[in-house]
Amino acid sequence: MVIYMYKDNILLDNSEIMLNTSNIKKNEEKITNNISVTDIELNLSEARKINKGKGKYITIKFNKEKVDNELEILLNTISDSFKKILKYYKITKVPKVLFVGLGNKDFACDKFGSTIIEKICLDDNSYKIYKNVLGSTNIKSTDFIRNLTGIIDVDLVVVFDSLKAESTERLGKTIQIATTGLSPGSAFSKKVSIIDQKTIKKPVINVGIPTIINIKKEAGLNEDLIVTTNDIDMLVDNLSTIISISINRIF
């Protein structure tokens with residue numbers, strides 16, 4: 001079941017597009033019958049061929065109906081994925097981290113960023129902040145984060161936001177962890193500012209969960225029709241808890 005939900009600033013789930021691209025080399029691992037991981041690492045040449053960013057994309061897929069019985073395995077899988085990203089960046093020590101949650105907390109389907117930020121634990125090496133959408137602040141997220149890292153000396157920026165999926169099978173059932181940054185609004189516009197290592201001047205890990213789909217074509221409409229599941233509040237709360245536990249174990 002889906003419900004109507006309008007949203008004009010949300011991110012595109014790039015991992016789904018790449019998983020469906022046949023000429024990309026993928027390392028797929030089945031952890032259990034209910035949990036699997038796909039690891040994709042694109043060099044510059046490969047990235048240019050499919051018009052995507054160079055870097056590492058890790059997608060964790062799970063059966064949300066059965067994951068409670070394998071929660072510890074899922075937590076370890078998420079933690080291991082973060083460790084792979086840190087290794088990709090050649091970060092060997094415990095880094096100073098800035099956690100940034102993006103999105104609109106007034107929309108159930110777009111409050112992943114604000115929800116997980118509340119659950120991230122802090123120590124002397126970490127900072128966290130929630131940044132509302134451009135329409136509410138008139139401040140671009142890229143500018144906000146870049147200026148903030150100019151004030152706070154950190155080694156790494158971890159950014160959380162919701163994603164637009166291409167199919168209902170991914171709603172609340174996948175976690176994307178990548179190094180290529182986030183592009184707020186990329187689900188609907190190509191004119192976006194990318195939050196990545198090049199623009200922020202710091203290594204960036206982006207973490208996203210698909211929470212909406214666009215059924216414009218299926219509904220035969222000329223304009224976007226964004227929908228989400230009717231249990232999206234619970235999905236966002238559950239996944240933000242699971243991911244935050246894994247992150248709190250590492251940083």
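Tabulated data
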item: Positive-end residue of ILE200, THR168, ILE215, charge dipole of the chain with Cβ unit charges; result: ILE200
item: Normalised contact order of the chain, rounded percent, pairs of Cα under 8 Å and 6 or more residues apart; result: 26 percent
item: Heavy-atom accessible area per residue - the chain, 1.4 Å, Å²; result: 50 Å²
item: Given charges at beta-carbon only (K, R positive; D, E negative), |dipole| of the stretch 77-210 in Debye; result: 360 debye
item: Carbon/sulfur fraction of accessible area - the stretch 26-125, other protein chains in place, 1.4 Å, %; result: 44 percent
item: Reference-scaled alpha-carbon Rg (2.2 N^0.38 Å with N residues) for the chain; result: 0.95
item: Residue pairs, from the table LYS52/LYS140; LYS56/LYS96; LYS66/LYS202; LYS30/LYS216, whose Cα atoms sit over 29 Å apart; result: LYS66/LYS202; LYS30/LYS216
item: Radius of gyration and maximum dimension Dmax of the stretch 39-125, Cα, Å; result: 16.1, 42
item: Projected-area mean, the stretch 212-251, by convex hull of Cα positions, square nanometres; result: 3.9 nm²
item: Once exposed loop GluC sites (Glu not before Pro) are cut out (DSSP; at most 12 other Cβ, 10 Å), longest piece of the chain; result: 66-222
item: Low-density loop positions, trypsin sites (Lys or Arg not before Pro), the stretch 58-157 - DSSP coil, at most 14 other Cβ in 10 Å; result: LYS66, LYS90, LYS93
item: Per-residue ³J(HN,Hα) for the stretch 109-118, Karplus 6.51 cos²θ - 1.76 cosθ + 1.60, θ = phi - 60°, Hz, x for Gly and Pro; result: 7, 10, 9, 4, x, 6, 5, 6, 4, 5
item: Dipole of the stretch 84-147 [Lys/Arg +1, Asp/Glu -1 at C-beta], most positive-end residue of ILE145, LEU122, TYR89; result: TYR89
item: For the chain, share of DSSP beta bridges that run antiparallel, in % to the nearest 5; result: 55 percent
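The values are calculated or read from the model by the stated rules, or taken from the named source; none is laboratory data. Here the structure is a predicted model, which means the values were calculated and not measured. Note: ideal-geometry Cβ built from the backbone for every residue, glycine included; neighbour counts use all protein chains shown. In case anyone asks, the SASA skips ligands and DNA or RNA and just uses the protein heavy atoms, side chains included. Shrake-Rupley method; radii C 1.70, N 1.55, O 1.52, S 1.80 Å.
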